[in-house]
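The values are calculated or read from the model by the stated rules, or taken from the named source; none is laboratory data. Owing to the predicted nature of the structure, the values given are computational and were not obtained by experimental measurement. Heads up, the Cβs are rebuilt from the backbone with ideal geometry, glycines too, and the neighbour counts pull from every protein chain shown.
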Amino acid sequence: MSNHIGIDLGTSTSGLAYLRPDGNPEIVPNADGERLTPSVVYFDGNEEIKLVGSAARDGGDPDRTVFGVKRRMDDPDFVVTIDGEKWTPTEISAIILAKLKRDCSAILGDFEDVVITVPANFNELARKATINAAKIAGLNVLRIVNEPTAAALYYAHSKKIYGKVLVYDLGGGTLDVTLVDVDSSSDSYRILLSEGARHLGGNHFDEEILDLYAEQYRTQKGGELYTNEMERRRALQSGEDAKKMLSKLQQVSGTVGNKDRGLARVELTRDLFEGAIKRLLTRTVMLVEQALEAVDLTPGDIDHVVLVGGSTRMPVVRRTLEDTFGFTAVSCGNVDECVALGAALFAKKAAKVAEVCNHGYGTLALVDDPETGKESLQNSVVIPKNTPLPCSISETYATSEDNETSIEVDITQGEDDDPRYVDIIGRITLQVPEGRPAGCKVKVSYSYDENQRVHARVKDEESGISKEIQIEYKGEGVLSEEEVERQAAYLKKLRIE
Ligand SMILES: Nc1ncnc2c1ncn2[C@@H]1O[C@H](COP(=O)(O)OP(=O)(O)OP(=O)(O)O)[C@@H](O)[C@H]1O
Ligand SMILES: [Mg+2]
């Protein structure tokens, strides 16, 4: 059995790889013979069985088919209701992970320890939800690693790419841009920065095709291409198939339609499609430029651009990057597998990787505004975004009122000064002795662990009283520790195929 197993839990597809004794990573196919498993779960109404993968994706009732929960991992209020039962994104992800674990165990032997990848900009809640999903699936997460970091490891390993590397990862639902400094002599990886867009990926290109199809259908039939979810998903799937063909052909035609209004022949050229997604591609370039600017680099400073994610198979993506950098981006071919392959490498090489903090963390404090001379509540950043990890930073604040006996400290996630544009992810109240004047010192210390999870401690300097902040999320979509245990026991007995 291999000790180095990596899982890419993707928006559209998930994959598992292990490190062979010769040091090369390899994808382990699922029991259906596929190298990647569509991240789709089908809830059967009659039997206590959950289908995962292609069978689930291509199967029946859309009300029983769950897609793309990864996009909702950071939403504390999101649940899916099936047969009156509520399912959180964590539980649905757990079913996908359990399918991978069970199928791959047949080949690798039993295992629990894994590295799981997440988008670089996954927040604290989504990271915790991913760890919980793994727990429910009977897996033990050794480390969470950012997807582009894993991919960079794979490229360095397989393509011998060194220097300043820009990883451009355009998958189904997210875009991640990461800058890595790869040192060939020490085989070490220093992440300089990660930027991401949460809702920008292949799914959005499919939506554009759907609009083009709907327009052509309307012209021909004088009616709507779809009027319910089932019809919409079918047309969307045809659109995705056409998109993939357009990565190789200049023109495709197909048939779309529904029972009531009949079928229509639709045509799509590469030019038309590229025109429709131009706006989205421009956004990806802006993100690349923003990332370079943030670390004072220009395209000329970059040694290699590497392609990750299924959507980088599109010629227009490659062309757009070539226009920006003036050289051709490198592709390993298996762009949708390289994150899982890199995760298996990471399981062995974790110590060689230096990451940065992907969000800013701070606290709310009353700050004097030099212009107005008035105090206002602001977000005071303690750990700025892109601080090298591991890190531990303290900031000292002062109490603002006389006789303050309870000091309330909020922990925030976000970079903005304005409290309205940051998330409060934890709160702590410290009880301190009575009768003290304003201005007592309170030290807030944050540390950021290797899984990119934040820990915070507040200390009243005079009394020495201190407390660790528990980051707790509330909402229907968030599971408690007990619920995680209960679901883990339930999943053990569940048929997942
Ligand atoms: N040949 C192709 N041409 C165009 N798009 C493609 C091609 N092959 C795959 N895709 C698209 O790539 C996307 C899936 O990529 P990938 O499997 O890398 O994403 P993911 O890892 O599931 O998503 P994410 O990384 O956003 O979580 C889908 O939108 C799919 O349609
Ligand atoms: Mg991916």
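For segment 123-158, which residues satisfy the criterion of being within 16 Å of PHE346 (Cα to Cα) and part of a helix (DSSP H, G or I)? Spell out the reasoning first.
First, the residues of segment 123-158 that are within 16 Å of PHE346 (Cα to Cα): 140-158.
Within segment 123-158, GLU147, PRO148, THR149, ALA150, ALA151, ALA152, LEU153, TYR154, TYR155, ALA156, HIS157, SER158 qualify.
Quick one: in segment 441-472, which of the residues that are part of a loop (DSSP other than H, G, I, E, B), surrounded by fewer than 17 Cβ atoms within 10 Å (Cβ to Cβ) and not small (Gly, Ala, Ser) is farthest from the chain's Cα centre (by Cα)?
Of everything passing the filter in segment 441-472, GLU462 is farthest from the chain's Cα centre (by Cα).
Would you point out the residue of segment 345-386, among those that are free of Cβ contacts under 8 Å to residues at least 24 places away in the same chain and among the β-branched types (Val, Ile, Thr), that is farthest from ARG453 (Cα to Cα)?
THR372
Looking at (1) outside the structural domain of ASP418 (by TED's automatic domain parsing); (2) buried (at least 17 other Cβ atoms within 10 Å of the Cβ), can you tell me which one ASN379 breaks?
(1)
May I ask you to list the residues in segment 4-33 that are more than 11 Å from ligand 1 (Cβ to nearest atom), part of a strand (DSSP E or B) and out of contact with any Cys (no Cβ under 7 Å at 6 or more places or on another chain)?
First, the residues of segment 4-33 that are more than 11 Å from ligand 1 (Cβ to nearest atom): 4-7, 16-33.
Narrowing further to those that are part of a strand (DSSP E or B): 5-7, 16-19, 25-27.
Correct list: ILE5, GLY6, ILE7, ALA17, TYR18, LEU19, PRO25, GLU26, ILE27.
Being within 30 Å of ALA489 (Cα to Cα) and within 16 Å of ligand 1 (Cβ to nearest atom) is the filter here; which residues of segment 135-177 pass it? Walk me through how you get there before you give the answer.
To start, the set of residues in segment 135-177 that are within 30 Å of ALA489 (Cα to Cα) comprises 135-147.
Selection gives ILE144, VAL145, ASN146, GLU147.
Within segment 314-355, how many residues are closer than 21 Å to VAL145 by Cβ and in a loop (DSSP other than H, G, I, E, B)?
6
Would you pick out the residues in segment 102-117 that are outside any loop (DSSP other than H, G, I, E, B) and either touching a residue at least 40 places away in the same chain (Cβ under 8 Å) or within 16 Å of ligand 2 (Cβ to nearest atom) (or both)? Steps first, please.
Going residue by residue through segment 102-117, those that are outside any loop (DSSP other than H, G, I, E, B) are 102-108, 113-117.
Matches in segment 102-117: ARG102, ASP103, CYS104, ALA106, ILE107, LEU108, ASP113, VAL114, VAL115, ILE116, THR117.
Taking into account only those residues within segment 34-47 that are in contact with a helix residue (DSSP H, G or I) (Cβ under 8 Å, 6 or more places away or on another chain) and either assigned to a strand (DSSP E or B) or among the acidic types (Asp, Glu) (or both), which is farthest from ligand 2 (Cβ to nearest atom)?
ASP44
Count, please, the residues in segment 55-94 that happen to be among the small types (Gly, Ala, Ser) and part of a loop (DSSP other than H, G, I, E, B). Give the steps one after another, and end with the answer.
Start the filter on segment 55-94 by keeping residues that are among the small types (Gly, Ala, Ser), which leaves 55-56, 59-60, 68, 84, 93-94.
Still in the running and part of a loop (DSSP other than H, G, I, E, B): 59-60, 68, 84.
Number of matching residues: 4.
Is it fair to say ALA120 is modelled with pLDDT under 95 and either touching a helix residue (DSSP H, G or I) at 6+ places or on another chain (Cβ under 8 Å) or in a helix (DSSP H, G or I) (or both)? Outline the logic, then answer.
Numbers: modelled with pLDDT under 95: yes; either touching a helix residue (DSSP H, G or I) at 6+ places or on another chain (Cβ under 8 Å) or in a helix (DSSP H, G or I) (or both): yes.
Here the answer is yes, as ALA120 does meet what is asked.
What strands (runs of 3 or more DSSP E) lie completely within segment 221-313 and have 2 or more residues being more than 16 Å from ligand 2 (Cβ to nearest atom), under 30 Å from VAL167 (Cβ atoms) and in contact (Cβ under 8 Å) with a residue 12 or more places away in the chain? So that I can check it myself, show each step before the final result.
Values: elements: 251-258, 262-269, 304-308.
By residue number, 304-308.
Considering only residues that are in a strand (DSSP E or B), closer than 25 Å to GLU195 by Cβ and touching a residue at least 60 places away in the same chain (Cβ under 8 Å), look in segment 389-440 and name the one that is farthest from the chain's Cα centre (by Cα).
ILE411
Quick one: which residue in ALA94, ALA98, ALA17, ALA31 is touching a helix residue (DSSP H, G or I) at 6+ places or on another chain (Cβ under 8 Å), within 16 Å of ligand 2 (Cβ to nearest atom), among the aliphatic types (A, V, I, L, M) and in contact (Cβ under 8 Å) with a residue 40 or more places away in the chain?
Working: ALA94 fails: within 16 Å of ligand 2 (Cβ to nearest atom); ALA98 fails: within 16 Å of ligand 2 (Cβ to nearest atom); ALA31 fails: within 16 Å of ligand 2 (Cβ to nearest atom).
Being touching a helix residue (DSSP H, G or I) at 6+ places or on another chain (Cβ under 8 Å), within 16 Å of ligand 2 (Cβ to nearest atom), among the aliphatic types (A, V, I, L, M) and in contact (Cβ under 8 Å) with a residue 40 or more places away in the chain holds for just one of ALA94, ALA98, ALA17, ALA31, which is ALA17.
Right, ILE131: out of contact with any Leu (no Cβ under 6 Å at 6 or more places or on another chain) and under 19 Å from HIS4 (Cβ atoms) or not?
Values: out of contact with any Leu (no Cβ under 6 Å at 6 or more places or on another chain): yes; under 19 Å from HIS4 (Cβ atoms): yes.
When the stated conditions are applied, ILE131 passes them.
Among the charged types (D, E, K, R) and at pLDDT 95 or above - does that describe any residue in segment 125-140? Walk me through it before giving the result.
So the first thing to find is which residues in segment 125-140 are among the charged types (D, E, K, R), and the list is 127-128, 135.
Next cut, at pLDDT 95 or above only: 135.
For segment 125-140, residues among the charged types (D, E, K, R) and at pLDDT 95 or above: present.
So which residues in segment 99-129 are under 19 Å from LEU341 (Cα atoms), out of contact with any Asp or Glu (no Cβ under 6 Å at 6 or more places or on another chain) and buried (at least 20 other Cβ atoms within 10 Å of the Cβ), if there are any at all?
LYS99, LEU100, LYS101, ASP103, CYS104, VAL114, VAL115, ILE116, VAL118
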